[in-house]
1. Can you tell me the FRET efficiency between residue 471 and residue 560 if r is taken as the Cβ-Cβ distance and R0 is 51 Å, rounded to the nearest 0.05?
2. Could you tell me the largest-minus-smallest coordinate of the C-alpha atoms of the chain on each of the three principal axes, in descending order and whole angstroms?
3. For the stretch 181-197, list residues with backbone N below 17 Å from a point placed 7 Å from the Cα of residue 94 toward its Cβ?
4. Could you calculate the FRET efficiency of residue 102 with residue 75 from 1/(1 + (r/R0)^6), where r is the beta carbon distance between them and R0 is 51 Å, rounded to 0.05?
5. If amide hydrogens are placed 1.01 Å from N in the peptide plane, which non-local residues have theirs closer than 5 Å to the one on residue 177?
6. Quick check for you: with a 1.4 Å probe and neighbouring chains kept, what is the accessible area per residue of the stretch 522-587, in Å²?
7. Residue separation times 0.36 nm, minus the C-alpha to C-alpha distance between residue 275 and residue 478: what's the value?
8. Would you work out which of 53, 172, 159 lies farthest towards the positive end of the dipole of the stretch 50-209? Charges go on Cβ: Lys and Arg +1, Asp and Glu -1.
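The values are calculated or read from the model by the stated rules, or taken from the named source; none is laboratory data. Predicted model only: the values in this text are computed from it and were never measured. Positions of Cβ are backbone-derived with ideal geometry, glycine not excepted, and every protein chain shown enters the neighbour counts. Accessible surface areas use protein heavy atoms only, side chains included; no ligands, DNA or RNA. Shrake-Rupley method; radii C 1.70, N 1.55, O 1.52, S 1.80 Å.
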Amino acid sequence: MQLSTVLPARRRPGQRVDLPEMLTNCLLAACQREAFKRLVGWKGMAVCPRGAQGWTLKVRARSGVFGLATQHTWRDDKGQHARLGLYYFPAQDDPLLESMSLAANHAAVQPDYIENLRRFTAMDEWATPFRMGEISASLTPEEEGVFLQLNALNKKLSITQDGIMTSDGKWVLTPGEAEESFPAHDISMDLLLVLAAAVTNCLEEPPHRVGRIHNPGHGLIYDRSGNQSLLDDDILMMGDLLYWGSRTALTAVGPLFQTQCQVAAGSEDKASLPSPLNDALFWKTDDLHTLSNNDAYAPAFDARPGLIVLSGFLGAGKTTFLNQLLEYYAARDELVAIIQNEIGQTGVDGKLLEGDDSIVELDEGCVCCTLAGNLAKGIEQLKTRFNPKVIVLESTGLANPFNILNELETLRSLVRLDSITTLVDAENGADLLANHDIARDQVAAADTILLNKCDLADGETRDKLRTKLRKLNKRAILVETEHGSINPGNLYDTDPFEQMTGLLPCLPNKTHHTHSNEGFVTRRFDFPSPLNRERLRTALDELSDTVFRIKGIVHLSDSTQPEVLQYVCGRHELSPLGDDFDQRGFLVVIGTNMDLAALENLGRKYA
């Protein structure tokens, strides 16, 4: 049994072990392996900053947050022991809340709910309605065996004898109605299975013995005076006992499995155990290599980088959002590589990103039209040089995602499609959707829609736009943002066992529009001399509404630093580049039926 990976390296013989910390160390050590995290659906863990020793934990099986709080530790002739309280805090939209107590429901709707659950160990009374049961851990005297046990009711039940009424005489709960009734053991089991799989992985051996215990339990019935009495109603206290280690150590501490368990088994006869104990991952996670050859677990061992196709009409805010995506993964020491595409002769956004060399620019054409064949080459180049966790294809604002779906289908061996994300400009989105098939197709193709720049549109405008977006696409996640600000982990750190099995299909029997179909043209204009700021602003204000998008880097006569120009549907902004730029200034202009002669004179007229 390999305990050294989870115990202090410089520990004196016989020194007391912090068992709760040993268990969480098992989780931390096992979750260093990406494949293990994916197998068990591990989402993360945090130490409670106040109160007793405790942790909050999140796993795939539940949308809410689990809590573990150390209650008692002791030592006797059978070894070292610890008892931890097990809690579960449902997400605020979790249907489970409906079957939990009024106190739990009241706590969950408060604005400080998330903050409070993170420090639940310092708030005993507040946390009590969320208590599910107990987890106990033991280490045998010679440290040759580890026990783990879960105890929880199969049904946590409390009934109000007199009912509960509001001050205006309306029933909240009728007499004899259950205030709470939920399967505490089933909920608790979802955390035990992850914890046990981590112990198996760290000890490098499966459990020697696993058993199930069930004893009579009870619920409560109470009246308005606070009097309580016990309630049977087929309630059982369920116990699940797992042991890792030598047979000798198990015998030395007493015949626990023979005297306590109604059913017990080892790996050779585990089929006799009740589900999910009979085929749980904790029997297998000591050997991840063998698991990797099992098709049922293939998503956990998928080493391909995720591919995010980032779409959105001109000026929707893709570059701003992409910068935040880069920061998110950089904070986790994970690399994002970018394939960037512009229709024009110059890729502007590559100069505006806060990344490094992990950018491949596919210019001189649109990836959904003329450059589709180069996509595989760009991906292979990035994988060879950087081995990224995620590759983002930032398509031009006039790219139609439907036109590259067949191309994406050929990339299965190189990448895993995580998302087609489309950004929509809340201020100008309604007009763009009404007038441009490409904008509508970008929305229809998405599995994630970010309604961006919501700070520039009033509530009525956003409501109407949401309705239009839902008519175009009912299946996509729809999120409102300002300045592209959203935690990318909520969008892309998805569970591989919950992802779609295939890439989004092209719509049958339909021609998907391209920018050339709609008459869009693009031009680059160079400015060898600095421009006058006020005259440039005046020129931009006078542009016709056939100019949709301008972006570029210019030198201005009143500034020593180059500035970035962003222009979208009549709104423009100049901001410092924040980096050296020793080339001549330039602007890339996109629109339809533009007065190109006037734009060509811009540099000469206002220099």
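1. Details: r = 50 Å, r/R0 = 0.98.
After rounding to 0.05, the efficiency reads 0.50.
2. On the principal axes, the chain reaches 93, 64, 53 Å in Cα extent.
3. Counting only backbone N, you get 181-195.
4. Numbers: r = 41 Å, r/R0 = 0.80.
E(calc), rounded to 0.05, equals 0.80.
5. 160, 163
6. Working: 3460 Å² over 66 residues.
The answer is 52 Å² per residue.
7. Numbers: separation 203, 0.36 × 203 = 73.08 nm, distance 3.74 nm.
Extra length available between residue 275 and residue 478 comes to 69.3 nm.
8. 53
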